Amino acid sequence: MMLRTTFDRPDDAKLLEQAVASALAGGARTADIAEPGASRISTEQMGDAVLSALEQVAGAQLESA
């Protein structure tokens with residue numbers, strides 16, 4: 001939201017949202033959003049998962065441009 005509204009960076013906001021969605025689709029979950037019995041990772045690990053996904057999403061966008 002900050003990227004989209006405060007900094008007027010909608011393209012960057014979209015990339016970040018895609019990265020978060022990708023990390024979640026890959027099964028990354030912190031304790032507060034994990035289903036009972038599911039694997040849980042730390043907040044730091046979740047941040048790393050999102051950053052890794054961001055690199056992939058941004059790289060794919062650059063390749064298609």
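The values are calculated or read from the model by the stated rules, or taken from the named source; none is laboratory data. Remember, predicted model here, so these are calculated numbers, not experimental data. Glycine also receives a Cβ, built like all others from the backbone with ideal geometry; neighbour counts cover every protein chain displayed. Only protein heavy atoms, including side chains, enter the accessible area calculation; ligands, DNA and RNA are left aside. Shrake-Rupley method; radii C 1.70, N 1.55, O 1.52, S 1.80 Å.
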Exercise. So how tilted is helix 43-64 from the main axis of the chain? Cα-based, degrees 0 to 90, rounded to 10.
Worked result: 30 degrees
Exercise. Ranked highest first by average number of other Cβ atoms within 10 Å, how do 47-56, 8-17 line up?
Worked result: 47-56, 8-17
Seminar exercise, completed: So the pair-distance distribution of the chain, from every Cα-Cα distance in 10 Å bins, comes to percents of 22, 42, 29, 7, 0
Exercise. How many nm separate the modelled label positions at E35 and M1, each set 7 Å beyond the Cα in the direction of the Cβ?
Worked result: 2.7 nm
For this session: Give the accessible surface of the range 11-64 per residue, rounded to a whole number of Å², with probe radius 1.4 Å and ligands, DNA and RNA excluded.
Result: 69 Å²
Exercise. Carbon and sulfur: what percent of the chain's accessible surface (1.4 Å probe)?
Worked result: 55 percent
